[in-house]
Amino acid sequence: MNITIIGTGYVGLVAGACLADLGNHVFCLDIDQSKIDLLNAGGVPIYEPGLKEVIERNIDAGRLTFSTNVAASVAHASVQFIAVGTPPDEDGSADLQYVLAAARNVGRHMTDNKVVVDKSTVPVGTADKVSAAIQAELNARFASASPTFSVVSNPEFLKEGAAVEDFTRPDRIVLGVAADAAGQQALAILRQLYAPFNRNHERTRVMDVKSAEFTKYAANAMLATRISFMNELANLADQVGADIELVRQGIGSDPRIGYSFLYAGTGYGGSCFPKDVQALIRTGREHGQTLRMLEAVEAVNHDQKSVLVNKVFARFGRDLSGKTFALWGLAFKPNTDDMRDAPSRVVIGALLRAGARIVAHDPVAEHEAQRVVALDLADAPALLERIEFAAKPMQAVQGADALIIVTEWKAYRSPNLAALKAAMKTPVVIDGRNLFEPDFMAAAGFQYAGIGRNTH
Ligand code: NAD
């Protein structure tokens, strides 16, 4: 099948490469010329395990094309996926300007019937806006007998860091289609496209368009809720002298609760949870409903991003001049270089503003971290002189007053503790991901503080 993907970011690039891998001919469009140039030169603009190999073999097979040519992208396929960004607007609602620009482009250039698939995360009712944008362009071009189209909602549930695996082995494929004949025809085409993913068992969930749009927000809101719930309880565990890790296992063993997404930490970040929770709150407000639980989820998360900074202040005071902190992990989670809303940015900003020096390490996000930290500190660029980046974790800890673990990369899980202690000025580990057992760290001679582990 011929497929066009509009927007070649984390979602669009993974979707395009993985659909090409099934034998489809995929045209990936983007407005970012430098991104397209990089891809055409054999580079990959993001870090995602396994992605480079999938891209390379499908370029070699002639099934994957990258371009900024809008007319060619519309002509290429009768199935047009919209996978552009939906960042938060100033009021927290999803900014639909990129989605609607993509829709207008389809309407402006289409000469045959199309299935337009919203893969971006978009608020309930967006498919209607996409339809209206396409129809307005068609009305301007055709007095009568214009080509037809149907808009499908097909939200994406992949996790960064495991995106290729998630896309190729999805838990579910949600398809929101119109009840009319065009909608049912679109459904048949998408069922055919996704058939290879359903060989083991049927994963497709077919529903109306609005329910599909809502499902994506409901999923992210539920996951964010679990995280904030555990973070709030972790902070109380610290107060009452309980260990949240034991509590997590104690409740996770209940099948009604389960173990997933119950880890206490430094708050959720990334490109999805923060903006999707905000957008759902905003949708509620637009309909006169205050989503009180989600407002609390967001407030807890906001505070939790400062949990590591508060632990540093409690131990070292608020004036950190002359102190050096090693940071392990910068990306918002392991196996990605994505720094969008990463908790490390809060830690870096606060420590530098308090006078500290930072030596940071991340296996893949250093370059992106340098870019975003410079943006975060645009009001005080001189602070950037006090942050440097180490090529190896053990280089970052040389002479450090404390090691702060922000992202749970595998490479940080089993350090040589004797070497770590010898390298540091003082053996203090502030662990935002609860990678280690407090007793074990104490026995190894460390002053160790985790999250909710009764270790202050
Ligand atoms: P991204 O910012 O990485 O990529 C978006 C791309 O779209 C950019 O390369 C941008 O240049 C391009 N673009 C913007 N307007 C365009 C246009 N008119 N035509 C062509 N290209 C255009 O975003 P992302 O992380 O891939 O997210 C895309 C959507 O998928 C969002 O709605 C997001 O919420 C959703 N989503 C993301 C994830 C994730 O893990 N990142 C997971 C599920 C869903």
Residue list for the range 407-434, filter: of a type outside the set (Asp, Glu) and in contact with a strand residue (DSSP E or B) (Cβ under 6 Å, 6 or more places away or on another chain): TYR412, VAL428, VAL429, ILE430, GLY432, ARG433
Note down all Cβ pairs under 6 Å where the first residue falls in the range 130-141 and is farther than 21 Å from SER120 by Cβ, the second is not polar (S, T, N, Q), and they're at least six residues apart or on different chains. LEU138/GLY107
Go over the candidates LEU262, LEU308, LEU294 one by one and state the one that is in contact (Cβ under 8 Å) with a residue 24 or more places away in the chain, touching a Lys or Arg at 6+ places or on another chain (Cβ under 7 Å) and either of a type in the set (Asp, Glu) or open to solvent by less than 70 Å² (accessible area, probe 1.4 Å) (or both). LEU262
List the pairs whose first member sits in the range 358-378 and is closer than 19 Å to ALA400 by Cα, whose second member is open to solvent by 10 Å² or more (accessible area, probe 1.4 Å) and β-branched (Val, Ile, Thr), and whose Cβ atoms are under 8 Å apart, counting only residues at least 6 apart or on separate chains? ILE358/THR324; ILE358/ILE387; VAL359/THR324; VAL359/ILE387; ALA360/ILE387
Of everything in the range 1-49, what is among the aromatic types (Phe, Trp, Tyr) and touching an Asp or Glu at 6+ places or on another chain (Cβ under 9 Å)? Give them in sequence order. TYR10, TYR47
Take the residues of the range 138-178 that are outside any loop (DSSP other than H, G, I, E, B) and hydroxyl-bearing (Ser, Thr, Tyr): which is farthest from VAL117 (Cα to Cα)? THR168
Against the definition (within 23 Å of THR266 (Cα to Cα) and either in contact (Cβ under 8 Å) with a residue 40 or more places away in the chain or in contact with a His (Cβ under 7 Å, 6 or more places away or on another chain) (or both)), how does ALA442 come out, yes or no? no
Among the residues of the range 29-43, is any out of contact with any Leu (no Cβ under 7 Å at 6 or more places or on another chain), within 13 Å of the ligand (Cβ to nearest atom) and among the β-branched types (Val, Ile, Thr)? yes
Cβ-Cβ under 6 Å pairs, at least 6 apart or on other chains, the range 98-111 side within 11 Å of the ligand (Cβ to nearest atom), far side of a type in the set (D, E, K, R) and in a helix (DSSP H, G or I): ARG104/GLU137
Just one of the numbered conditions (1) free of Cβ contacts under 8 Å to residues at least 60 places away in the same chain; (2) within 30 Å of THR86 (Cβ to Cβ); (3) open to solvent by 10 Å² or more (accessible area, probe 1.4 Å) is not true of PHE332; which one? (1)
Is it the case, given these coordinates, that GLN184 is at pLDDT 95 or above and either farther than 26 Å from ALA72 by Cβ or not in a helix (DSSP H, G or I) (or both)? yes
When the range 338-372 is checked residue by residue, the ones that are open to solvent by less than 10 Å² (accessible area, probe 1.4 Å), within 16 Å of SER271 (Cα to Cα) and not hydroxyl-bearing (Ser, Thr, Tyr) are ASP338, MET339, ALA342, PRO343, ALA365, ALA369, VAL372
Quick count over the range 421-456, residues being hydrophobic (A, V, I, L, M, F, W, C), open to solvent by 30 Å² or more (accessible area, probe 1.4 Å) and part of a loop (DSSP other than H, G, I, E, B), is 2
Within the range 397-420, track down each residue that is under 21 Å from the mean Cα position of the chain (by Cα), under 16 Å from TYR448 (Cα atoms) and in a helix (DSSP H, G or I). none
Going by what's in this entry, would ASP379 be described as of a type outside the set (Val, Ile, Thr), modelled with pLDDT under 95 and surrounded by fewer than 23 Cβ atoms within 10 Å (Cβ to Cβ)? no
What pairs come out if I take residues in the range 30-49 that are within 24 Å of LEU158 (Cα to Cα) and pair them with residues that are more than 13 Å from the ligand (Cβ to nearest atom) whose C-beta lies under 7 Å away, six or more apart or interchain? VAL44/LYS52; VAL44/ILE55; TYR47/VAL364
Would it be correct to say that ASN235 is at pLDDT below 95, farther than 30 Å from LEU96 by Cβ and open to solvent by 20 Å² or more (accessible area, probe 1.4 Å)? no
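The values are calculated or read from the model by the stated rules, or taken from the named source; none is laboratory data. None of the values given here were measured: they were computed from a predicted structure. Note that each Cβ is placed from the backbone with ideal geometry, even for glycine, and that neighbours are counted across all protein chains shown. Please note that ligands, DNA and RNA were not included when accessible areas were found on the heavy atoms of the full protein model with its side chains. Shrake-Rupley method; radii C 1.70, N 1.55, O 1.52, S 1.80 Å.
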